[in-house]
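A short worksheet on the structure shown next.
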Amino acid sequence: MKPQTKISEASGLADQLRRAFYGDAWHGPALMELLEDVNANIAAAKPLQDVHSIWQLLLHIAAWDGAGLVRLSGKVCQLTGTKNFPVVPVKPTEAAWQQAIQEARRTHDTLVETVERLNDSRLQDRVPGKKYDFYHMLHGIAQHELYHAGQIAILKKVGKGRRS
């Protein structure tokens, strides 16, 4: 039997963040897997009244990945209003949609790389302005991405039903 190599807690968290965003997760499709066949019109559509669009959800996920980075840099960060749910272009174009995806990828990749470099003891530090530590926050970011990925999966199904 091959001995198990112990990975750091921070590396494990980075792996969970990566899987929630890109795939190879045990639960099913991750965020980017769900977006593979989504074009700008589908992303901007609102098939359910008073529900965010896929595009809005992607921007929201990216905003909170960015907030995690700000907090890891030692600054207080709380997103509200359009910082929490950034505005989608009025006229959605494929170029703007692809740019939103690429920006979300860049922010997420920076977050994962930052978490991978953390010393495990840093995970116990309190998040600036919060009553919880980075360990709790980073698990929350992965859970947040999966929560909204589930919403996106439902929006895709509802949208396909309305186009049929």
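The values are calculated or read from the model by the stated rules, or taken from the named source; none is laboratory data. Computed from a predicted model, the values in this text were never measured in an experiment. Here Cβ is always computed from backbone atoms with ideal geometry, including for glycine, and neighbour counts include all displayed protein chains.
Filter the stretch 132-161 for residues that are at pLDDT 95 or above and touching a Pro at 6+ places or on another chain (Cβ under 8 Å); which is farthest from Met32 (Cα to Cα)?
Leu155
Which residues, counting only those in the stretch 89-108, are modelled with pLDDT of 95 or more, surrounded by 14 or more Cβ atoms within 10 Å (Cβ to Cβ) and out of contact with any Lys or Arg (no Cβ under 9 Å at 6 or more places or on another chain)?
Hits for the stretch 89-108 are Ala96, Trp97, Ala100, Ile101, Glu103, Ala104, Arg105, Thr107.
Can you pull out the residues in the stretch 46-73 that are part of a loop (DSSP other than H, G, I, E, B), surrounded by 15 or more Cβ atoms within 10 Å (Cβ to Cβ) and modelled with pLDDT of 95 or more?
His52, Ser53
Is there any pair with a first residue in the stretch 6-35 that is within 18 Å of Ile101 (Cβ to Cβ) and modelled with pLDDT of 95 or more and a second that is of a type in the set (Asp, Glu) and surrounded by 18 or more Cβ atoms within 10 Å (Cβ to Cβ) whose Cβ atoms are under 7 Å apart and which are 6 or more apart or on different chains, and what are they?
Ala20/Glu145; Phe21/Glu145; Leu31/Glu145
Tell me yes or no: at least one residue of the stretch 106-121 is out of contact with any Phe, Trp or Tyr (no Cβ under 6 Å at 6 or more places or on another chain) and under 19 Å from His52 (Cβ atoms).
Yes, because at least one residue in the stretch 106-121 is out of contact with any Phe, Trp or Tyr (no Cβ under 6 Å at 6 or more places or on another chain) and under 19 Å from His52 (Cβ atoms).
Considering only the stretch 74-133, state which residues are closer than 22 Å to Ala20 by Cα, in a helix (DSSP H, G or I) and among the acidic types (Asp, Glu).
Scanning the stretch 74-133 gives Glu103, Asp109, Glu113, Glu116, Asp120.
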